[in-house]
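The values are calculated or read from the model by the stated rules, or taken from the named source; none is laboratory data. As the structure is a computational prediction, the values presented were derived from the model and not from experiment. FYI the Cβ positions are ideal-geometry reconstructions off the backbone, even for glycines, and counts take in every protein chain you see. Calculation scope for accessible area: heavy atoms of the full protein, side chains included, ligands and nucleic acids excluded. Shrake-Rupley method; radii C 1.70, N 1.55, O 1.52, S 1.80 Å.
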Amino acid sequence: MASIEECSLVLSSMEGARSEIDLAALVETHSTLLFRVAYSVLRSRAEAEDVVQDVFVRVLEHRRSLLAVRDLRVWLVRIAWNLAIDRRRRIRPEQFDESFVESLVGSSVPADEVLDEAQRLKSVLYELERLPKAERHALLLFAIDELGTAEMAEVLGRSESAVRALLFRARTRLRERLERGGAG
């Protein structure tokens, strides 16, 4: 698997506007992260895969201006995030929740606990959807372990301290709602 440094070398070695990027290396290096970003928003494997493909189409469309991109990884994540958010606006939250919950409930869970676990996850998803948008977005990005606070801030267009505050409020609000029994 190609490293980010190798991709950076390929991109930084591009001298002329006609130079080509190593798209295969970019796909291999970043597609898993981009899929996780899209999947966290869309809760649909097919939709998330479409978003990842769209991200790399954007890379091809902007290949001549990639030298100006300061942090390629964050730029790609931001594109995936924005594309997923745009798709999410066209989808009702409950449309994918059933299959998403089924994918989360582990196959190692005993059969008598599956329904309880599925109901608990539905409650969490319902309450997550009810969070203010900025808090929900911060929490979703935080769930992708590969992103640090600085990268999350760049994706969301906020300061690091604002992201930390959003995370704190989101966790607190979600915990309180789930402890009260929420909806579910």
**Asked** So which residues in region 19-75 are more than 21 Å from ARG136 (Cα to Cα) and among the hydroxyl-bearing types (Ser, Thr, Tyr)?
**Response** SER19, THR29, SER31, THR32, SER65
**Prompt:** Filter region 62-111 for residues that are among the aromatic types (Phe, Trp, Tyr) and over 20 Å from TYR126 (Cα atoms); which is modelled with the highest pLDDT?
**Reply:** TRP81
**Message:** Pairs please, first residue from region 159-176 and within 15 Å of GLY148 (Cβ to Cβ), second anywhere and surrounded by fewer than 16 Cβ atoms within 10 Å (Cβ to Cβ) and of a type in the set (A, V, I, L, M), Cβ atoms under 6 Å, 6+ apart in sequence or on different chains.
**Reply:** GLU160/ALA150
**Request:** Considering every residue within region 113-124, establish whether at least one is open to solvent by 40 Å² or more (accessible area, probe 1.4 Å), of a type in the set (A, V, I, L, M) and at pLDDT below 80.
**Result:** yes
**Fill in**
When every residue in region 136-164 that is of a type in the set (Gly, Ala, Ser), in a helix (DSSP H, G or I) and open to solvent by 40 Å² or more (accessible area, probe 1.4 Å) is compared, the one farthest from TRP81 (Cα to Cα) is SER161
